[in-house]
Amino acid sequence: MTDPVPAEKRVRAACPHDCPDTCAMEVTVADGRAVKLRGAADMPFTNGALCTKVAHYLERVYSGERILHPMKRVGRKGEGRFERISWDEALDTIAERFRAIAADDPRAILPYSYAGTMGLVQGESLDRRFFHRLGASHLDRTICASAGALGWRATVGASIGTDPEAVVDARLILIWGGNPVVSNLHGWRYLQEAKRRGARLVCIDPRRSETAARCDVHLAPWPGTDGALALAMMQVLIAEDLLDHEYIAHHTEGFDALAERVRDFTPEWAAPLTGLEAKVIRDLARDYGTQSPTLIRLNYGLNRCAGGGMAVRNIACLPALTGAWRHAAGGALLSTSGNYPIDGEALARPDLCPQHEGRPPRTVNMSFIGEALLEARDPPIRALYVYNANPVAVAPDSNRVKAGFAREDLFCVVHELFQTDTADYADILLPATSQLEHRDIHASYGHLNVVVNAPAIAPPGEARPNTEVFRLLAARMGFTEPALFESDEDIAAAAFRLTDSRALGLTAQQLETHGWARLNLAQPFVPFANGGFRTPSGRCEFRSALLERRGLDPLPAWHPPAESPVSNPALAARFPLALITPPARNFLNSSFANLARFRDELGRPTLQIHPDDAATRGLVGGDRVRIHNDRGEFHACAVVTTDVRPGVVVSPSIWWQKFSGDGNNANAVTASTATDMGGGPIFYDCLVEVAKA
Ligand SMILES: Nc1nc2c(c(=O)[nH]1)N[C@H]1C(S)=C(S)[C@@H](COP(=O)(O)OP(=O)(O)OC[C@H]3O[C@@H](n4cnc5c(=O)[nH]c(N)nc54)[C@H](O)[C@@H]3O)O[C@H]1N2
Ligand SMILES: Nc1nc2c(c(=O)[nH]1)N[C@H]1C(S)=C(S)[C@@H](COP(=O)(O)OP(=O)(O)OC[C@H]3O[C@@H](n4cnc5c(=O)[nH]c(N)nc54)[C@H](O)[C@@H]3O)O[C@H]1N2
Ligand SMILES: [Mo]
């Protein structure tokens, strides 16, 4: 007699999506089918709740639109017509093409991935090892946060800041370039609690976002001018001596040079640049300099502009001037990711790269994939392997991106759950697993916990995890290094450098049953109360050694937007409106945008425009409009609203082009220009004109 099969089991999971909240989840499985998914009730940050999207994750898992089998292209590139093939044929075809190209120059092969899953196993382990061993071009993963990350690192030293669970005791909170109600919902709960306890919330955002509408004060600067606002705040703090002199003396570097630098950056100077009144700027600085504790929750919205790196750097200087870092609830937070002892080299094994004389490694910037595909020489890109990403929809200047993907001589593999805009251009399309069908382990960039993900159900059809495909491909290529064949369990177990076995306070096995663990940091966690910055000097660097070494301005400075009436009047004469395209609440970048529930709810792409701007163009709400500039155009339905300031238009994103009505999305008009630091894109630094379609 065998034991009866338990009717139901509970499996611990992690939300895989690119969001600071990295929720711990629990899946209920009955007869091999996931029947329920909920936020873990025992994990304080998740607090038993999921966002509107992931609450319906099972619709994604069981969607009839999942890719179930390997396929090869039968139509034209981009047409999206495919025919089923076997895994053997798919893998043989890829290995054969890769071998032939690598015989000439393996750098002609380019992996392309971002954060379709944030898991360390499915996102940055065997994939990296495989392409390293192959000698392929490296991908610089800049598309989201590289400008801000570098501006922060230059100042503070690492992606470390205030404990997001400690913010409840702050008195004044600046929510700067972030929209947590949409993009950091669980973090918003703590900010709301602070408000309940009496904190004043100030939101700095060119539009009245879902978050701005719930704050005490909304300041709407012109996009890309946050750097000027922060400089003016510093000028006021220093001129009016609203400083913590002891903190500055012991824990900062370069104060005298900073004071000299900002002397002329008065609120009167910043007013015409930002579009805010000088008095408003001065009052904000005075509030910031006299309240305590003050918290700045800055986010990546403000780093998607030409001066995005310097803007984040300028803002990161503020809490060191006032000593706000002394308080658990004070300071500033951009990302928590630097707290995790992730063993990047063990995961990615850069030592597997072949050393060829006279053939230096090549790195390609993912944000400008259109240029790379169309213009790269020495060698040109001949093969592309896309996974965890949808570049045709999300990369800037998509007409160029599409032209690159349409190259007949490009061999393109796409590994996906769904037939995205990018998948339409694949020569070989492979079926990928969802988070419920593979193993992983996750760090977070918005809290301080590790979250594990155990497989809950069998993959549908012939879907396979990223790691499994790279193991199979490595064998087909004749590679023999054991690191290319490691199991997901072993990779997960080695993902964190746990030389101090108490770093998590739990063993790997305990973690698997418990599902999550907070990093074993000091409680309360006040990272820079006594200095201890991760910069070369160990101090908060008003004068940055890192930037100086890179030949950049070592001091805070004003880096204007690339496209604005002030910085580029000639362009603004033709395209006077600043377009920003932040995430729609129901989409996660371009993920979920294909699911009927969310697409139907949003209906179609919209463009929010101020009544004055609508009137001068003869537009009324509901009009179909054409948003255009020299790079391209897309269509949307006009929403006339005072939620946007005059001169600014907003189109919540990221739509799939094939579902947008006109075959384009907002990235048809965004620019392939790089940020001042980190080589990131400038999605929110984009001038357009709007007309009736
Ligand atoms: N629901 C949902 N959640 C998400 C995502 C999603 O697509 N959907 N995406 C995830 C990802 S990948 C990321 S990186 C984060 C992004 O989330 P956030 O870091 O919050 O960034 P954004 O949503 O890009 O922009 C936030 C706000 O900045 C404003 N903004 C635009 N330009 C400027 C500017 O120049 N200055 C200032 N001060 N504000 C500006 C926008 O209007 C927007 O309201 O969210 C994650 N969470
Ligand atoms: N105009 C405009 N453009 C933007 C932005 C914006 O605000 N405005 N935001 C930018 C930002 S912040 C970011 S981070 C990028 C995001 O860009 P991407 O990281 O490309 O994000 P997604 O569009 O969500 O595409 C991820 C894809 O990975 C797939 N995927 C998920 N899990 C797996 C898996 O396990 N295996 C495989 N093989 N595939 C998987 C999903 O189905 C999905 O199609 O977009 C950027 N583009
Ligand atoms: Mo992002």
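The values are calculated or read from the model by the stated rules, or taken from the named source; none is laboratory data. The model shown is predicted, which means the values in this text are computed figures rather than measured ones. Heads up, the Cβs are rebuilt from the backbone with ideal geometry, glycines too, and the neighbour counts pull from every protein chain shown.
Against the definition (of a type in the set (Ser, Thr, Tyr), under 25 Å from Glu563 (Cα atoms) and surrounded by fewer than 22 Cβ atoms within 10 Å (Cβ to Cβ)), how does Thr266 come out, yes or no? Here the answer is yes, as Thr266 does meet what is asked. Filtering Ala522, Ala503, Ala494, Ala508 for residues that are of a type in the set (A, V, I, L, M) and either surrounded by fewer than 13 Cβ atoms within 10 Å (Cβ to Cβ) or modelled with pLDDT of 95 or more (or both) leaves a single hit, Ala522.
Is it fair to say Ala145 is surrounded by 19 or more Cβ atoms within 10 Å (Cβ to Cβ), within 16 Å of ligand 3 (Cβ to nearest atom) and not hydroxyl-bearing (Ser, Thr, Tyr)? Judged against the criteria, Ala145 is a match.
Mind checking which residues of the range 4-62 are part of a strand (DSSP E or B) and of a type in the set (A, V, I, L, M)? Val11, Ala13, Ala14, Ala24, Met25, Val27, Val29, Ala30, Ala34, Val35, Leu37 - these are the residues of the range 4-62 that are part of a strand (DSSP E or B) and of a type in the set (A, V, I, L, M). Of all the numbered requirements in (1) in contact (Cβ under 8 Å) with a residue 40 or more places away in the chain; (2) charged (D, E, K, R); (3) assigned to a helix (DSSP H, G or I), Glu345 misses one, and that requirement is (1). Of all residues in the range 117-164, those satisfying the criterion of being in contact with a His (Cβ under 7 Å, 6 or more places away or on another chain) and either within 16 Å of ligand 1 (Cβ to nearest atom) or closer than 30 Å to Thr294 by Cβ (or both) are Met118, Gly119, Pro164. Once the range 288-328 is narrowed to residues that are in a loop (DSSP other than H, G, I, E, B) and either within 16 Å of ligand 2 (Cβ to nearest atom) or outside the structural domain of Met234 (by TED's automatic domain parsing) (or both), the residue that is nearest to Pro164 (Cα to Cα) is Asn299. Consider Ala213 carefully, then state whether it is buried (at least 21 other Cβ atoms within 10 Å of the Cβ) and either in a helix (DSSP H, G or I) or in the same structural domain as Asp287 (by TED's automatic domain parsing) (or both). No. Exactly one residue among Thr606, Thr616 is surrounded by fewer than 21 Cβ atoms within 10 Å (Cβ to Cβ), hydroxyl-bearing (Ser, Thr, Tyr) and without any contact (Cβ under 8 Å) to a residue 40 or more places away in the chain, and that residue is Thr616. Among residues that are surrounded by fewer than 21 Cβ atoms within 10 Å (Cβ to Cβ), among the small types (Gly, Ala, Ser) and modelled with pLDDT of 95 or more, Gly461 is included. The set of residues in the range 158-182 that are of a type outside the set (A, V, I, L, M) and either within 16 Å of ligand 3 (Cβ to nearest atom) or out of contact with any Phe, Trp or Tyr (no Cβ under 9 Å at 6 or more places or on another chain) (or both) comprises Ser159, Asp169, Arg171, Trp176, Gly177, Gly178, Asn179, Pro180. For Thr274, all conditions in the list (1) under 22 Å from Ala154 (Cβ atoms); (2) among the hydroxyl-bearing types (Ser, Thr, Tyr); (3) within 28 Å of the chain's Cα centre (by Cα) hold save one; what is the number of the exception? The failed condition is (1). Candidates Ala154, Ala147, Ala136: the one that is in a helix (DSSP H, G or I), more than 16 Å from ligand 2 (Cβ to nearest atom) and among the small types (Gly, Ala, Ser) is Ala154.
Among the residues of the range 640-650, is there at least one that is of a type in the set (Ser, Thr, Tyr) and within 16 Å of ligand 3 (Cβ to nearest atom)? Can you show your working first?
Residues of the range 640-650 that are of a type in the set (Ser, Thr, Tyr), as a first pass: 641-642.
From the residues that got through so far, the ones that are within 16 Å of ligand 3 (Cβ to nearest atom) too are none.
No, the range 640-650 has no match at all.
If only one of Leu579, Leu595, Leu571 is at pLDDT 95 or above and farther than 18 Å from Ala636 by Cβ, which one is it? Don't jump to the end; show me each part of the working.
Numbers: Leu579 fails: farther than 18 Å from Ala636 by Cβ; Leu595 fails: at pLDDT 95 or above.
Of the residues listed, the single one that is at pLDDT 95 or above and farther than 18 Å from Ala636 by Cβ is Leu571.
Taking each residue of the range 300-312 that is over 11 Å from Gly678 (Cα atoms) and within 16 Å of ligand 3 (Cβ to nearest atom) and looking for partners that are part of a loop (DSSP other than H, G, I, E, B) and at pLDDT below 95 with beta-carbon atoms closer than 8 Å, six or more apart or interchain, yields nothing.
Taking strands (runs of 3 or more DSSP E) as the structural unit, those lying wholly within the range 64-133 and holding at least 2 residues that are closer than 30 Å to Gly446 by Cα correspond to 109-113.
Scoring Ser544 on the criteria (1) within 16 Å of ligand 3 (Cβ to nearest atom); (2) over 23 Å from the mean Cα position of the chain (by Cα); (3) of a type outside the set (D, E, K, R) leaves a single failure, condition (1). Here Leu243 fulfils each of the conditions (1) among the hydrophobic types (A, V, I, L, M, F, W, C); (2) touching a residue at least 40 places away in the same chain (Cβ under 8 Å); (3) surrounded by 20 or more Cβ atoms within 10 Å (Cβ to Cβ); (4) closer than 27 Å to Ser335 by Cα apart from (3). Comparison of Ala7, Ala90 shows that the only residue that is among the aliphatic types (A, V, I, L, M) and surrounded by 17 or more Cβ atoms within 10 Å (Cβ to Cβ) is Ala90.
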